[in-house]
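Report on one structure; see the data block that follows.
The values are calculated or read from the model by the stated rules, or taken from the named source; none is laboratory data. Quantities reported herein were computed from a predicted structural model and do not represent experimental measurements. As a convention, Cβ positions derive from the backbone with ideal geometry for all residues, glycine included, and neighbour counts pool all protein chains shown. When the accessible area is computed, the model is the full protein with side chains, heavy atoms only, and any ligands, DNA or RNA have been set aside. Shrake-Rupley method; radii C 1.70, N 1.55, O 1.52, S 1.80 Å.
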Amino acid sequence: MAKLSKRLFQIALALLLLLILMILAGYGVLRASLPQLEGEQVLPGLQGQVSIERDAGGMAVLHAEDRIDLARALGYVHGQDRFFQMDLLRRSAAGELSALFGEAALERDKEIRLHRFRHRAQDQLQRLPGEHLRLVEAYAEGVNQGLASLNARPFEYFLLGTNPSPWQPADSLLSLFAMYLDLQYHDGRREFSLSLMKDALPYDLYHFLHPAGSQWDATIDGSDASINPLPQSAWPKRQGDLNAKTSPPMDGEAEDLLPGSNNWAVGGALTPYGSAMLADDMHLGIRVPNIWFKAQFNWQQDGQQHQVTGVTLPGTPLMVVGSNTKLAWGFTNSYGDWSDLIRLQLDESGQQYLTPEGYQSFTLAEEEIAVKDQPAFKHVVRETIWGPVIGEDASGNLLAYRWVAHDPQGANLNLMNLETAKDVYEGAKVGASAGIPAQNLMMADAKGNIGWTIAGPMPVRIGYSGDYISDWSDGSQRWDGYLSEDEYPRIINPEHHRLWTGNSRVVGGEMYDKIGNGGYALGARSKQIRDDLFEKQHFTEQDLLAIQLDDEAIFLTPWRNLLLREVLPRSSHRHKERLTQVLENWSGHASIEDLGYLVVRQFRLQVRDKVYRPLNNAMTDQSQHFNFNAVRNQLEAPLWQLVSERPNHLLPADYDSWNELLENALGRSLSELDKQYGDWRDLTWGEFNKVQIQHPMSRFVPLLGKLTDMPQEPQAGDTFMPRVARGDFGSSQRLVVSPGHEDKAIFHMPSSQSGHPLSPFFGKGHEAWRSGTSQPLLPGPVTHKLQLMPNNS
């Protein structure tokens, strides 16, 4: 027995030693892949020396003699610190994720390969002006030099059992295409769903559900668009055996998350400096590390010294958002209409489609998709003169997709010219030439001017609005090129010295007609920002940060009043007294400690889903490709009309009265909270709304998240308010700056500047972002300095 015990002890000790050795080996691999922060490094291709300074937060400050050297050095920094994230970005746009992740990513790759973005990136690369081509070539070389100089490949590739592929110049354009996929629909789902509703619903019901505007509109030109009256028509009845049909999910999303942003500007007349002031926070899904990389560029051009501070997008050599001491700029997603679904008319053979020049054959392109540990998959893409075939309508007709992203105008490096623009007028010109997903470009300059315009290509439509599936076969409906610079919508220096956008409709009239409607957000955020801006006559940076952190629940206040004053008095809920107390004492904010906010929020979501279940049922009976999420923002104003006026003919058939529906929604929302969290009475909004920012691989690799993920701390804010914050979604950065006064500017960034969990910069700044504590835009004292040297031998 003693011998057995000794043997077991020896085995346990050996296993422990093996575990320790494995941990040490893993730690050694991690340390070997840390970026170089100090010393000197020869970088072939440099024309002069470049210094890279870091402060305690990891912000990279680059000093170079020209913009090409700066691009090479930036590539070096990105390649060392962010290569895996860059790799995911280019692969997501190219449809090449299966090469890393195997069959699990194949369906997504097949869907994206329809757009042939790698092919388009290679073509577009040849169209770049010589200076821009040299820039992306230098950047790509710098990325690969940075990657090669690591003592070990980035740790993610060890976990995947593969090696990183070199960065190519075309991959920077793929990074731009990845932003198209993030910010615009790649499959026409909104047009498809609207067309389905228009064709299937009675005229008055459809127009009630598709209003031109709402009570939440807050345009910068003062234009109005009204809601529509209640219809006489009822919900369509489902076809066939109702009991045999399952109720389809409403796309599996209860949240109101929408990739977008806030930005606004106030003129110099309202600031302490005479210089205008800009605020910008871009709302995206947030991962570890953050999508942006904070940097400052210093270089010479045309005999002048330039400096620009802000955030870069690893994968590109550009400053995306920032200030150059003369002009500050920021973006929100425009949600204009930048694509069209085209219904094809086929000949009897089905092999040709009708065009204004007669029938033409499809062009077939074979895409080979590499799949990890499996044979490559051959994927054939059918293309038309307008774009690829991406699916069918509800009647089985083929649909082609016309999209700005497919055209040469869709991707270029002209955005770089904002880095040296001197005022909003020059900035507006840059916006009109920029090859990016169309954005609301907000600008403020040191002269006191403010301006808004669209940045990105804007197609000219002939013969139709673009809201629905169209037919281009006879030439009466078509795109006729793109707007010229002087045709772009813009507003500069309004009399009240204020401009704002928040992904909702920005303007009306002719300017709106040029932009179109690609699925605007409800205007609740924009309206709250506008009202905040008109509450003051003078602004400091702290005042604009306070608006960014505004979590007042103005949008949900009517829902709270409905619940407290009309639903609960009639309710028989066993916790009626507690609910009444919670709602009477709610803070009116999406604050961390508030329970009332959570109750009202979940109640509204349940009401929305119950009221619109008949619509979702009827539309998915027509086509399983109906997408409720793509049209839900426009349904908010009709929803409030329905619960306010409560017409019997639009009451869902599952309920005998609107009171029953509302009480059922309350009960269901609380029982769902109980199911997920225990007793809802012990919850707060902050506990429900914890930070959930993770590394892309931590969900699949046991224990990795303890090393790589951000702390799951409560956070204030939600969706229909300026402070957008929900789990792993929200402000990917916050910037407040007055050009020429960057020393007083404020900057926040969640997650991490570095992608390496052992980096001294890992997670720095995240807590300030979560708590809203002011942090400077400009770099702090230098803690590390790396000198890049040209190879003069």
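Summary of computed values
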item: Every pair of residues 6+ apart whose Cβ atoms lie under 6 Å, when the first sits in the stretch 336-354 and is touching a residue at least 40 places away in the same chain (Cβ under 8 Å) and in a strand (DSSP E or B) while the second is open to solvent by 40 Å² or more (accessible area, probe 1.4 Å) and hydrophobic (A, V, I, L, M, F, W, C); result: Y353/L346
item: Entirely in the stretch 680-755, the strands (runs of 3 or more DSSP E) that have 1 or more residues that are touching a Phe, Trp or Tyr at 6+ places or on another chain (Cβ under 8 Å), of a type in the set (K, R) and modelled with pLDDT of 95 or more; result: 734-737
item: Flag if Q733 is open to solvent by less than 10 Å² (accessible area, probe 1.4 Å), touching a residue at least 12 places away in the same chain (Cβ under 8 Å), in contact with a Lys or Arg (Cβ under 6 Å, 6 or more places away or on another chain) and not small (G, A, S); result: no
item: Every residue from the stretch 420-434 that is surrounded by fewer than 23 Cβ atoms within 10 Å (Cβ to Cβ) and not aliphatic (A, V, I, L, M); result: T420, K422, D423, Y425, E426, K429, S433
item: Enumerated strands (runs of 3 or more DSSP E) restricted to the stretch 445-486, each holding at least 2 residues that are open to solvent by 30 Å² or more (accessible area, probe 1.4 Å) and of a type in the set (S, T, N, Q); result: none
item: Selection within the stretch 355-385 - free of Cβ contacts under 8 Å to residues at least 40 places away in the same chain, touching a strand residue (DSSP E or B) at 6+ places or on another chain (Cβ under 7 Å), open to solvent by 60 Å² or more (accessible area, probe 1.4 Å) and under 30 Å from G161 (Cα atoms); result: E366, E368, K378, V380
item: Per-region count, the stretch 273-283, residues in a strand (DSSP E or B) and either open to solvent by 10 Å² or more (accessible area, probe 1.4 Å) or more than 26 Å from S752 (Cα to Cα) (or both); result: 2
item: Considering residues of the stretch 661-688 that are of a type in the set (G, A, S) and under 20 Å from T719 (Cα atoms) only, the residue surrounded by the most Cβ atoms within 10 Å (Cβ to Cβ); result: S669
item: Options Y359, Y335; residue that is touching a Phe, Trp or Tyr at 6+ places or on another chain (Cβ under 8 Å) and over 25 Å from G456 (Cα atoms); result: Y359
item: Residue tally, condition assigned to a loop (DSSP other than H, G, I, E, B) and open to solvent by 40 Å² or more (accessible area, probe 1.4 Å), over the stretch 190-216; result: 3
item: Checking R608 against (1) in contact (Cβ under 8 Å) with a residue 40 or more places away in the chain; (2) closer than 30 Å to E392 by Cβ, the condition it does not meet; result: (1)
item: Search result, residues across the stretch 756-793 that are surrounded by 15 or more Cβ atoms within 10 Å (Cβ to Cβ) and among the β-branched types (V, I, T); result: T783
item: Residue within the stretch 496-505 that is under 24 Å from W640 (Cβ atoms) and among the basic types (K, R) present; result: yes
item: Residue in the stretch 669-686 that is touching a residue at least 60 places away in the same chain (Cβ under 8 Å) and under 26 Å from the mean Cα position of the chain (by Cα) present; result: yes
